[in-house]
Amino acid sequence: MKKVEIFTDGACSGNPGPGGWGAILRYNGVEKELSGGEKDTTNNRMELTAVISALKALKMPCEAVITTDSKYVFESVTKGWVYSWQKNGWRKADKKPALNIDLWTELLELLSKHQVTFNWVKGHNEHPENERCDRLAVAECEKYK
């Protein structure tokens, strides 16, 4: 199984507001940058969209190591919260509805196709790939202002 490194970030000007996302995929020393945005969105939606878009770009099942600065994405998956929300009819532990169900559903489907490990890094802390993804995300966000 091919091992791919993935770096992602999302950005939003206002929350909600115009947003963007960026991703870098690295395999065997070769990198590919992806980015996109929306006119009216939230930061969490852009963080999720970055991960989803990167995984959708994989042409076959892969071992993927995803590095994100989003605690929302990282903790929801690694602590198993999203699986509990799904099992409980997309309700959180406090019985309130989970947000971004459409994106979580899409992400869970993609996670079932790949062997994925998530790493968290502090944002805006001189992590080179995270900084590049942030620049991609902010540039996309600016297109919608």
Residue pairs meeting the criteria (Cβ under 6 Å; at least 6 apart or on separate chains; first of a type in the set (F, W, Y) and modelled with pLDDT of 95 or more, in the stretch 1-26; second surrounded by 24 or more Cβ atoms within 10 Å (Cβ to Cβ) and part of a strand (DSSP E or B)): W21/G10
Test result for E5, farther than 17 Å from V116 by Cβ and acidic (D, E): no
The stretch 58-88: number of residues that are buried (at least 19 other Cβ atoms within 10 Å of the Cβ) and assigned to a strand (DSSP E or B): 4
Any hit, the stretch 45-52, residues being of a type in the set (D, E) and more than 17 Å from the chain's Cα centre (by Cα): no
Flag if C133 is in contact with a Pro (Cβ under 6 Å, 6 or more places away or on another chain), surrounded by 19 or more Cβ atoms within 10 Å (Cβ to Cβ) and touching a residue at least 60 places away in the same chain (Cβ under 8 Å): no
Condition met for L58 (within 13 Å of the chain's Cα centre (by Cα) and closer than 22 Å to K2 by Cα): no
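The values are calculated or read from the model by the stated rules, or taken from the named source; none is laboratory data. On a predicted model such as this, the values are computed, not experimentally measured, just so you know. Glycine gets a Cβ as well: all are built from the backbone with ideal geometry, and neighbour counts include every protein chain shown.
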